[in-house]
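Below you'll find the structure, written out as structure tokens, and then a few comments.
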């Protein structure tokens, strides 16, 4: 009897955990998502997406064939947590993306995504040259990135040496696959931004078999992006310190 109760309790806890993570998506993207029922994410247009496919997966399989639940496999460490430390092997919170979710929200083709792009000013008070960038207006991403820019302007006024990390930019929208994969980059949906490549680091730059964590980007910059819903690639084992993407569902924990 005790064993049966134990199994039932595990199932209940597992169900609650699944429901909580699913609801994080609903809270993060309220313009599109309605609720979670059982093992389904319910869209406002009535579409149902299976949340957990029930498969046990290796790290690589989660990257290549994820479900919605897999996106929450790693908990993103906000703020100073883990900053400046080499992440554990394959710890990549945010790199696992269920592509149908993003295609349905942001657009299933370059033409659709481009239709939703909005031009915003980047650090207008900190730079002599006017930088205008294109970012999606879907989910309020353009508004959030403009808030990032405003806060970074204020930061640079106090710490002018930080400007070098933020301009020139590496880019925003570009419909493309991640190098060496069949997975679309989040840049394809206009929901990501790369800051200055010159002061950034990427895990593949050290060559095959020569992994070494590296970062120059100040924590103050990272915190501003996170405050407005953007996660940072510098907190990944497969690090990309120039990269920020709009993933508010991972910042609710």
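Residue by residue, here is whether (1) surrounded by 15 or more Cβ atoms within 10 Å (Cβ to Cβ); (2) in contact with a helix residue (DSSP H, G or I) (Cβ under 6 Å, 6 or more places away or on another chain); (3) touching a residue at least 60 places away in the same chain (Cβ under 8 Å) holds:
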| site | (1), (2), (3) |
| --- | --- |
| 149 | yes, no, no |
| 181 | no, no, yes |
| 186 | yes, no, yes |
| 215 | yes, yes, yes |
| 225 | yes, yes, yes |
| 231 | yes, yes, yes |
| 246 | yes, yes, yes |
Criterion (within 17 Å of the chain's Cα centre (by Cα), touching a residue at least 12 places away in the same chain (Cβ under 8 Å) and either surrounded by 14 or more Cβ atoms within 10 Å (Cβ to Cβ) or assigned to a strand (DSSP E or B) (or both)) met by exactly one of 156, 113, 141, 167:
141
Strands (runs of 3 or more DSSP E) contained entirely in the range 183-253, each with at least 2 residues that are at pLDDT 95 or above, within 17 Å of residue 80 (Cβ to Cβ) and touching a strand residue (DSSP E or B) at 6+ places or on another chain (Cβ under 7 Å)
230-232
For the range 116-138, what are the residues that are within 20 Å of residue 30 (Cα to Cα) and either assigned to a loop (DSSP other than H, G, I, E, B) or modelled with pLDDT under 95 (or both)?
116, 137
Residues of the range 58-82 that turn out to be modelled with pLDDT of 95 or more and in contact with a helix residue (DSSP H, G or I) (Cβ under 7 Å, 6 or more places away or on another chain), as a count
11
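The values are calculated or read from the model by the stated rules, or taken from the named source; none is laboratory data. Bear in mind the structure is a predicted one, so any value in this text is a computation, not a measurement. Ideal geometry is used to build each Cβ from the backbone, glycine not excepted, and the neighbour counts take in all protein chains shown.
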